[in-house]
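K.L.:
Below is one structure. I have some questions about it.
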Amino acid sequence: MSGRPNRQNPATGAGGEPAHTNNPKTPIMKRLLALSVATLVFAALPAKAQRSQRSTPIELGIDGGVLFGLNTPRTTVVALPIQSFRVGFLVTDNLALEPRAAINSIHGGGASVTTYDFALGVVYQPDGDRVGKGLYGRPFLGVSGISVSGAAGNNNNGYMGLGVGLKLPFADRRLATRMEVNYEHGFSGGGSNLIGLLIGLSFFTR
């Protein structure tokens, strides 16, 4: 399980995520969405010509973080020590596909509440370091939701965003500290905007 906050109804749901308000989408958001989608598509294409003959490591990681809602009412959500779990698969020396997931389930009194969050990002490292050293950019797309037993039913929300961060390897380059700041736009309820700060730990397989 994970402490990833709920994006659906922060005032009453699990996790206290900032609420969505009826703000119109800006041209910048539309361009950012188009850029993110294009990056995800092209990064998923076969890239064998750019791969070296060395073994390809997989990056396993966990992140904790703080989310700041930019809409009214402004809220802050702290999810520590674990907000989500991620796995990074190298496509080339510069690009990695990175799915991440978070599930939080509460049961009691014959009722249950489950929140979930699934995202797919593309991690781009200009230096092309295979074991995670240096600056990176991460456009991402995802869906989050909440499922409540009984008449309350289910609710979900799509979102997209862009993160910029730094990886600092240690322990003979098998581990790395990962720090990131990101912007996220949700599409439900007229739209919402979040700023996130992440700090995590990565383990690299050989």
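K.L.:
Rank these for me by crowding, ILE58, ILE199, going from fewest to most other beta carbons within 10 Å.
P.N.:
Details: ILE58 13, ILE199 16.
So the residues, fewest neighbours to most, are ILE58, ILE199.
K.L.:
Take SER188, SER202 and order them by how many other Cβ atoms sit within 10 Å, fewest up front.
P.N.:
Details: SER188 16, SER202 21.
So the residues, fewest neighbours to most, are SER188, SER202.
K.L.:
Note down the magnitude of the dipole of region 81-178 about its Cα centre, charges +1 on Lys and Arg C-beta and -1 on Asp and Glu C-beta and zero elsewhere, to the nearest 20 debye. Mind dumping the intermediate values first?
P.N.:
Working: 9 positive and 6 negative charges, 39 e Å.
Rounded to the nearest 20 debye, it is 180 debye.
K.L.:
Apply the Karplus curve 6.51 cos²θ - 1.76 cosθ + 1.60, θ = phi - 60°, to the phi angles in region 158-171 and return the couplings in whole Hz, x for Gly and Pro.
P.N.:
x, 8, 8, x, 9, x, 10, x, 9, 10, 10, x, 7, 6
K.L.:
Sequence-distant or interchain residues sharing an amide H contact under 5 Å with ASN71, placed H: which?
P.N.:
ASN193
K.L.:
Determine, for ILE62, ILE146, the number of other Cβ atoms within 10 Å of each Cβ, and report the residues in order from fewest to most. Walk me through the numbers before you get to the answer.
P.N.:
Details: ILE62 17, ILE146 23.
Ascending Cβ contact count within 10 Å gives the list ILE62, ILE146.
K.L.:
Further question on the same structure: Please name which of ASN104, PHE140, PHE89 has its Cα lying farthest along the dipole of region 80-206 towards the positive end, using unit charges on Cβ (Lys, Arg +1; Asp, Glu -1) and the Cα centre as origin.
P.N.:
PHE89
K.L.:
Now for a different question. Would you please classify the overall shape of region 113-206 from the alpha carbon gyration tensor, given that a ≥ b ≥ c denote the square roots of the eigenvalues, rounded means a/c under 1.5, and beyond that prolate means a/b larger than b/c while oblate covers the rest? Show your work: numbers first, answer last.
P.N.:
Values: a/c = 3.20, a/b = 2.01, b/c = 1.59.
Note, shape of region 113-206 comes out prolate.
K.L.:
Using θ = phi - 60° and the Karplus form 6.51 cos²θ - 1.76 cosθ + 1.60, what ³J(HN,Hα) does each residue of region 187-196 get, whole Hz, x for Gly and Pro?
P.N.:
Along region 187-196, the couplings run 9, 7, x, x, x, 8, 9, 9, 10, x Hz.
Read the figures in this text as sums done on the coordinates, not as results from a lab. Just so it is clear, the structure is predicted and the values come from calculations on it, not from any experiment. In this analysis, Cβ positions are derived from the backbone assuming ideal geometry, glycine residues included, and neighbour counts consider all displayed protein chains.
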